[in-house]
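To start, the structure itself, in structure tokens.
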Amino acid sequence: GDGGGSGFDSISESSIDYFTQSIGDTILFQVNESTLRPDAIETLRSQAIWLQENNAIPITIEGHADEQGTREYNLALGARRATAVRNYLVSQGISESKLSIVTYGKERPIEVCSEERCWSQNRRSVTVVSGGLGN
């Protein structure tokens, strides 16, 4: 049969699952860059709309880097990435007081291998919605 709720469709648009899965909480960066790519801006624009509709609940923006380079360099790079995302969301009308940033540098890779296919996944920013859910 056609139609019929596959669990995915039934995710409420106001739910955090919808935010992380349908909009996307993660954007990616080029090597050594903290510049927002066009695809990243598309995602962030959708994030901003969702945050507005959900009363801009508090969020934490994580900045991450790949394993290349020193720990200090990557912590600074992660901070620049998170700041770029925060500044964009503020430009879209999200209150700066709702946005905190944290940098993990290369400490929290999601893919571990010494190849570009892993590094490209780790050069990222993640918008973490924390509004009142105790996580």
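Along the charge dipole of the chain, Cβ charges K/R +1 and D/E -1, which of Thr20, Tyr88, Ile57 sits furthest on the positive end?
Result: Tyr88, furthest along the dipole toward the positive end.
At q = 0.17 Å⁻¹, work out log10 I(q)/I(0) for region 41-83 with the Debye formula, treating every Cα as an identical point scatterer and leaving solvent out; two decimals please.
-0.59
Given a cut-off of 21 Å, what percent of all Cα-Cα pairs of region 35-107 lie beyond it? Write down the numbers at each step before the final one.
Details: 731 of 2628 pairs.
Beyond 21 Å sits 28 percent of the P(r) for region 35-107.
Report which label in [x] 36; [y] 53; [z] 46 holds the value of percent of Cα pairs over 20 Å apart derived from the coordinates of this structure.
The value matching this structure is [z].
About the Cα centre, and with charges only on the beta carbon of Lys, Arg (+1) and Asp, Glu (-1), how big is the dipole of the chain? Nearest 20 debye, please. Could the numbers behind the result be given before it?
On the way: 12 positive and 18 negative charges, 107 e Å.
Computed charge dipole of the chain: roughly 520 debye.
Could you provide, to the nearest whole Å², the per residue accessible area of the chain with probe 1.4 Å? Intermediate values should be presented prior to the final figure.
Working: 7290 Å² over 135 residues.
The answer is 54 Å² per residue.
Kindly state, to the nearest 0.05, the FRET efficiency for Asn87 paired with Glu116, given R0 = 30 Å and r defined as their beta-carbon distance.
Values: r = 28 Å, r/R0 = 0.92.
FRET efficiency, Asn87 to Glu116: 0.60.
Tally up the carbon and sulfur contribution to the accessible surface of the chain as a whole percent, 1.4 Å probe, everything protein left in place. All intermediate terms of the calculation are to be shown ahead of the outcome.
On the way: 3490 of 7290 Å².
The nonpolar share, carbon plus sulfur, comes to 48 percent.
The values are calculated or read from the model by the stated rules, or taken from the named source; none is laboratory data. Fair warning: this is a prediction, and the values are worked out from it, not measured in the lab. Note that we place each Cβ from the backbone using ideal geometry, even for glycine, and neighbour counts take in every protein chain shown. Ligands, DNA and RNA are excluded from the accessible area calculation, which covers all protein heavy atoms including side chains. Shrake-Rupley method; radii C 1.70, N 1.55, O 1.52, S 1.80 Å.
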